[in-house]
Amino acid sequence: MPENLFKVNIEEYVLPGQRACQGCGLSLAYRYVLKALRENTILTFPACCLTVLHGLYPMTSVTVPTLNNTFASTAASAAGIVAGLNALERTDITVVAIAGDGGTFDMGIQALSGAVERGTDFIYVCYDNEGYMNTGTQRSSATPMGALTTTTPVLTKQQPKKDMLRIMEAHDLPYIATTSPAFPIDLYDKFVKAKRIKGSRYMQIAVPCPPGWGYAPKDTIRIGRLAVETGVVVLFEIEDGKFRFTGRSKTLAEKGNKLPVINYVERQGRFRKMSIEQLRQFQRWVDTRWNEYMKKAEG
Amino acid sequence: MAEVQIMTGNQAAALGAKLSHVQVVAAYPITPQTSVTEILSQFIESGELKAEYIRVESEHSALTVCVSASTVGARVFTSTSSQGLLYMHEQLHWAAGSRLPIVMCCVNRGVGAPWTIFNDQQDSIAQRDTGWIQIYCRDNQEIIDSIIQGYRIAESVYLPVMICYDGFVMSHTMMPVQIPDAELVSDFLPPYKPHTILSPETPMNINPVLFPWRRANAEGVMCDGYMEMRFKLQKALGESRDVIVATGKAFAGAFGRDHGGLLWQYKTDDAEIILTGMGSVATEATAAADMLREEGVRAGVVGIRVFRPFPKEDARDAFRKTDAIVIFEKGISYGYEGALCSEIKAAFYGTDIRLPIHNYIVGLGGRDVKARELAEAVRLSRDAITSGDAEPAPKWLNCITE
Amino acid sequence: MAKPAIGEAGKTGDWRDMRPVYDPSKCIPCVKKKAACFLCWLYCPEGVIKATIPIEINLAYCKGCGICAEECPGKAIIMVNEDGKNG
């Protein structure tokens, strides 16, 4: 039961009748991202699910200013907004780049690395639904091992998920945070905090996707929760290099009772061809990372 | 009294951007453009130019930064060549479709594969369909002047402008340049007023998806479909011809230099044969025309200054009275002929202008083009025309083709 | 460019094959007569549930995903087929 629900900004910035799928994890996450950031924000995003959520001309479903750009360019698009606003001496506006895993881990990685290396003063948000979902569920480097996608339709994805969080850590950013729409208050709090910090901030949101992952829309919160309960998704923040578990992950770290990944995997159609060996590898991957995070938390 | 300095084309370009009070520069170094980025960095870091310099990690990002910075209302500048221009190709389309008044210098260099670092115009020619205004400069004075004119043109028609000049031939060659007076430039360039501004005061979603069909807004008013938006881009390019000419004349009035509007002419009044080209090869052609005149051949030159929008009417007028055209191009539309050649031929379609047109591909990958070689090509063409060869396939000048 | 408007994708309530049906007698804030729970409001991806006592679901735009029913601790919301029969 969330204790801090009532301090959340009650304004809704995503209007009813938007174009995202039933039960979309991104829709839920986006509600809270915008609640935290509020009106004085400009967002830019590439061709992705968000493009569709925002809707087609001449209407849009979102009440804050937004700029579309090409798939590879999200972080550069944000860098340009920051540069332009600086030149015009309008430094009160929060600039946010938001892209999926495709636009972050894959095609967008160059612009992202460049923008954060330069210390661009913006928030970069990656909503990670673990595949190119807007084009119908093709494999990305964020797709977990053993998952079926339309471009890994028989053999499943062979490689483990690219560790984008470690890549971002290597850029020495002032703030990195992982979040999940299954834990909206944790997400909200982190975005409120991020808004106040200067420099390049990287936020990753673990977004469940009903059609892409193969589960019923009503289970989005359950799947999102299980991701955290099994340690597949770890809720943390790294502030000035200091690692800290948050929310449910903090409790799991203290109590040491994370669930085996089978609980997460067995509920999703995309894992129906996962082999025993892949499942073992996946559990090892989760455990290795978990132990690394435990060590980091000790300081 | 305006100051005259000897400077390279790249120095002229950087000065042009500085005089235009650009507010955001995002550029990535590439031969032979590199010193533009260096000089601008020097201006900005020393405080001579108050602007943001974003040291982007690629050319694709360079133009992206310009697009979004322009969208929030800043005046922007970038510069590139060859592979860099190719790398930002999708953003060229994006910038034009967004109707943003970005000014970019293209320091013309050939494209790979295989590699070349030397001059030809394939890079900018390959971008002719993107919706940018394209201006080709023939000397360093024209570079600095065209950049300043470029902002005025761009910001009145809301179209991006590409100022092209030949790599090494101009970028690295020193020429005398009269530096426009800074105050006169400020008078000549009013502040940039964006057509749509991205700001929290007026929330909107810029450059979203459009349906193929027109669609009503929340008030029931029908709004453009994709095709209408794109028609507006084409329409703006058409209307920009007059703006380009008027801007050139206004510039001449304020600064005393007239670069000729859409095209310029040299000894064409009585010309029996006209040489044509873009950029420094057209200047070289004037020397060739003089050589030919000494032999009694009434040669003239039409320099195409503005390639896009293509000066169809001006071309018809300029070439109407001559008996033959020889087109020298530093690029080719592979699989057919030189792009300029095709445009000129198409310009005459539907008129009574029928004359032999010979196309020479010259100077690719920086192969030297000498005035005497151009003159010799004209002599050969004249002989061929006399023998009845009105429209041969493009010839490759000074290149082994067997 | 594109201006904010409700219903950009039309009446997304038309997307449903199952509809949420609400029983205030099982709803915790209603029973306690004070602000409490509101997990349905919290978890609705569409933001079409109002955190009021009783709650209000905007059926014109509710896509029928079923998350509210799934997450309600009091089972105050159940999903029924759009044709009225309990599924």
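The values are calculated or read from the model by the stated rules, or taken from the named source; none is laboratory data. What you are looking at is a predicted structure, and each value in this text was computed from that prediction instead of being measured. Using ideal geometry, Cβ is built from the backbone for each residue, glycine included, and neighbour counts are taken over all protein chains shown.
So the values come out like this:
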| item | result |
| --- | --- |
| Among (1) surrounded by fewer than 20 Cβ atoms within 10 Å (Cβ to Cβ); (2) facing chain B (nearest Cβ under 10 Å); (3) touching a residue at least 40 places away in the same chain (Cβ under 8 Å), the one test that A:Arg90 misses | (3) |
| Among (1) over 30 Å from C:Met1 (Cβ atoms); (2) among the small types (Gly, Ala, Ser); (3) not in a loop (DSSP other than H, G, I, E, B), the one test that B:Gly110 misses | (3) |
| Criterion (surrounded by fewer than 24 Cβ atoms within 10 Å (Cβ to Cβ), within 10 Å of another protein chain (Cβ to nearest Cβ) and in contact (Cβ under 8 Å) with a residue 40 or more places away in the chain) met by exactly one of A:Val95, A:Val52 | A:Val52 |
| Residue in segment B:182-194 that is at positive phi, more than 14 Å from chain A (Cβ to nearest Cβ) and in a loop (DSSP other than H, G, I, E, B) present | no |
| Residues that are assigned to a loop (DSSP other than H, G, I, E, B) and more than 10 Å from chain A (Cβ to nearest Cβ), drawn from segment C:42-60 | C:Thr52, C:Ile53, C:Pro54, C:Ile55, C:Leu59 |
| Residue within segment A:27-41 that is modelled with pLDDT of 95 or more, in contact with a His (Cβ under 9 Å, 6 or more places away or on another chain) and not in a helix (DSSP H, G or I) present | no |
| Filter pass, A:Ile185 being touching a residue at least 40 places away in the same chain (Cβ under 8 Å) and either in contact with a helix residue (DSSP H, G or I) (Cβ under 6 Å, 6 or more places away or on another chain) or of a type in the set (D, E, K, R) (or both) | no |
| Residue check for C:Lys26: of a type outside the set (A, V, I, L, M, F, W, C), surrounded by 15 or more Cβ atoms within 10 Å (Cβ to Cβ) and touching a Phe, Trp or Tyr at 6+ places or on another chain (Cβ under 7 Å) | no |
| Residues satisfying the stated conditions in segment B:343-364, i.e. touching a residue at least 60 places away in the same chain (Cβ under 8 Å), part of a loop (DSSP other than H, G, I, E, B) and out of contact with any Asp or Glu (no Cβ under 6 Å at 6 or more places or on another chain) | B:Val362 |
| Selected residue [over 22 Å from B:Leu40 (Cβ atoms) and in contact with a Pro (Cβ under 8 Å, 6 or more places away or on another chain)] from B:Leu198, B:Leu100 | B:Leu198 |
| Residue in segment A:66-80 that is more than 21 Å from the chain's Cα centre (by Cα), outside any strand (DSSP E or B), within 14 Å of chain B (Cβ to nearest Cβ) and surrounded by 24 or more Cβ atoms within 10 Å (Cβ to Cβ) present | yes |
| Some residue of segment B:364-385 being at pLDDT 95 or above, closer than 17 Å to B:Gly335 by Cα and assigned by TED's automatic domain parsing to the domain that holds B:Leu340 | yes |
| Hits in segment A:262-288 - residues which are part of a loop (DSSP other than H, G, I, E, B) and surrounded by fewer than 18 Cβ atoms within 10 Å (Cβ to Cβ) | A:Glu266, A:Arg267, A:Arg272, A:Lys273, A:Ser275 |
| Failed condition for A:Lys218, given (1) in a helix (DSSP H, G or I); (2) more than 14 Å from chain C (Cβ to nearest Cβ); (3) over 17 Å from A:Asn129 (Cβ atoms) | (2) |
| Conditions (1) in contact with a helix residue (DSSP H, G or I) (Cβ under 8 Å, 6 or more places away or on another chain); (2) not in a helix (DSSP H, G or I); number of the one not met by A:Arg90 | (1) |
| Residue list for segment B:365-393, filter: buried (at least 17 other Cβ atoms within 10 Å of the Cβ) and in a loop (DSSP other than H, G, I, E, B) | B:Arg367, B:Val369 |
| Residues located in segment A:93-116, provided they are polar (S, T, N, Q) and part of a helix (DSSP H, G or I) | A:Thr104, A:Gln110, A:Ser113 |
| Every residue from segment B:205-239 that is part of a loop (DSSP other than H, G, I, E, B), under 33 Å from the mean Cα position of the chain (by Cα) and not charged (D, E, K, R) | B:Asn207, B:Pro208, B:Leu210, B:Phe211, B:Pro212, B:Gly225 |
| Selection count, segment C:17-41, where residues are touching a residue at least 40 places away in the same chain (Cβ under 8 Å) and within 11 Å of another protein chain (Cβ to nearest Cβ) | 4 |
| Any chance B:Thr71 is in contact (Cβ under 8 Å) with a residue 24 or more places away in the chain and either out of contact with any strand residue (DSSP E or B) (no Cβ under 8 Å at 6 or more places or on another chain) or surrounded by fewer than 24 Cβ atoms within 10 Å (Cβ to Cβ) (or both) | no |
| Of all residues in segment C:61-81 being at the interface with chain A (Cβ under 8 Å from one of its Cβ atoms) and small (Gly, Ala, Ser), the one that is farthest from A:Ala216 (Cα to Cα) | C:Ala69 |
| Residue that is farthest from the chain's Cα centre (by Cα), among those in segment A:87-101 that are aliphatic (A, V, I, L, M) and within 9 Å of A:Ile42 (Cα to Cα) | A:Ile93 |
| Per-region count, segment B:278-299, residues touching an Asp or Glu at 6+ places or on another chain (Cβ under 6 Å) and more than 22 Å from B:Glu142 (Cα to Cα) | 1 |
| Segment B:29-60 - residue that is more than 22 Å from B:Cys164 (Cβ to Cβ) and polar (S, T, N, Q) and, of those, nearest to the other protein chains (Cβ to nearest Cβ) | B:Ser41 |
| Residue match in segment B:272-285 (condition: surrounded by fewer than 16 Cβ atoms within 10 Å (Cβ to Cβ), touching a residue at least 12 places away in the same chain (Cβ under 8 Å) and outside the structural domain of B:Gly73 (by TED's automatic domain parsing)) | yes |
| Residue ID - nearest to A:Lys162 (Cα to Cα), chosen from residues in segment A:98-123 that are away from every other protein chain (no Cβ under 14 Å) and of a type outside the set (Val, Ile, Thr) | A:Phe105 |
| Matching residues, segment A:1-40, being among the hydroxyl-bearing types (Ser, Thr, Tyr) and within 7 Å of another protein chain (Cβ to nearest Cβ) | A:Ser27 |
| Flag if A:Ala72 is hydrophobic (A, V, I, L, M, F, W, C) and touching a Gly at 6+ places or on another chain (Cβ under 9 Å) | yes |
